[in-house]
Structure formats: structure tokens, C-alpha cells
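Q: The structure follows.
Where a number appears in this text, it was derived from the coordinates with a stated rule and is not lab data. Keep in mind that what you see is a predicted model, and the values were worked out from it rather than measured. Cβ placement follows ideal geometry from the backbone for every residue including glycine, while neighbour counts extend to all protein chains displayed.
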Amino acid sequence: MIHPLMAKVEEASLRREAFDFDIGDSVEVQVRFLEGDKERIQPFAGIVIARRGRGLDETFTVRRMVEGEGVERIFPMYCPKIAGVEVKKKAVVRRAKLYYLRDRIGKKAFTLKERQLVKETTGRKRSRVKARKEKAIAAPVEAAAPKPDAKVRKARVRKPKGEKAE
């Protein structure tokens, strides 16, 4: 439960548009840097391995490989130094935290199963996994009933070892 005064302070500080990405997505975070009197944007590209918190305390962790070493960086979601987050690839993951990627070496360290979005005639985007599930539910179950023209084979009955065949 959050205190009403704290809720008002957080509401004023929250960015109106939230970044739309999930765990496992390959993202490019644009970070603002001040160099002298100039401001420039430096990209940090990697995989989102964790997301935690809510409100102003919400953070996300991005991991990338640099010369064979894993580099992780934790970004506050509503930090003014973040210019934007661009999603490069979507991924299919079954966990909320992808800390197991820390133990992987080489290409396996940043390879996840890609989620491809399909657009049907309705114009609605959804993942292929959901499309397959919906198709399977809609299809009638015909495998339960045997086909009428199928040949029926008799099962061979084996006799116990002690008996002799006649």
C-alpha cells in the first residue's frame, strides 16, 4: 500500500509513455551523455534479463557481450537520462528472470528463440504460439474415432515359457 502523498509525488514524476518491451527482448537503450557542453546519445544494445519494481522504483537489467565478457547494466525505467528504448527482436521465454544467461558462453549467451508476430485478416497481431493454440482448439478432434476402412489386426498371444507349442 502506497501513501497518498507519495502517490501524488510519483504521479508527477512518471513519464506518460511507458517503454513497451518484455523479458528476453533484444533492445537498444539510448542513453544521454554530457561531454563538456555537448549532449550526445550513446546506444547500449543487449537482452533484457530482468525487470523489477513498480512506479518510480521500476528498473530493468540489460546484458550484452563485449569482447567475450558479459556486461550488465541496470537502468531506472523513468530516468531522464534514457532517451528511448528500441526493441530489435522479440523472444519467447518462460521465466521472469533470465539469470541463467550469465552462465552461458559464446553465441549461446545471447541466443533466444525468436517470437514472430503474425497479422491475420482481422489486423490483430499475436504470437505464432497463440495462433497455433487457437487453431488447435478450433479444429475438431477426429483422431479419437477409428476410420471405418482401417484393417483390424489380431494381437498375437504369447504363451508362458513353461508350456510347449503344439
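Q: Amide H of Glu58: which non-local residues (sequence gap of 5 or more, or other chain) have their own amide H closer than 5 Å, using H built in the peptide plane?
A: Result for Glu58 returns Met77.
Q: Efficiency by 1/(1 + (r/R0)^6): what FRET value for Arg32 and Ile137, r their Cβ-Cβ distance, R0 = 45 Å, to the nearest 0.05? Don't skip to the answer; put the middle values down first.
A: Details: r = 47 Å, r/R0 = 1.05.
For R0 = 45 Å, the calculated efficiency reads 0.40.
Q: Hey, another quick one. Once phi is turned into θ = phi - 60°, what whole-Hz ³J(HN,Hα) does the Karplus curve with 6.51, -1.76 and 1.60 give for every residue of the range 49-60, x standing for Gly and Pro?
A: After applying 6.51 cos²θ - 1.76 cosθ + 1.60, I find 9, 7, 8, 9, x, 8, x, 5, 7, 5, 9, 9 Hz.
Q: Given a cut-off of 32 Å, name the pairs among Lys113/Lys135; Lys89/Lys133; Lys38/Lys108 whose C-alpha atoms lie farther apart than that in the structure shown.
A: Lys38/Lys108
Q: Now for a separate question. In which sequence would Glu134, Glu17 go, from the one with the fewest C-beta neighbours within 10 Å to the one with the most? Could you put the intermediate results ahead of the total?
A: Values: Glu134 12, Glu17 6.
Ordered by Cβ neighbours within 10 Å, fewest first: Glu17, Glu134.
Q: Same structure, new question: For Val31, Val66, what ranking results if the residue with the fewest other Cβ atoms within 10 Å of its Cβ goes first?
A: Val66, Val31
Q: Round to the nearest 0.05 the FRET efficiency obtained for Arg104 and Leu56 when R0 = 35 Å and r is the Cβ-Cβ distance.
A: About 0.60, to the nearest 0.05.
Q: Once amide H atoms are built 1.01 Å from N in the peptide plane, which residues 5 or more positions from Lys89, or in another chain, come under 5 Å H to H?
A: Ser26
Q: List the residues, sorted by chain then number, that are 5 or more residues from Ala45 or on another chain and whose placed amide H is less than 5 Å from its amide H.
A: For Ala45, whose amide H was placed from the backbone, the distant partners under 5 Å are Val29.
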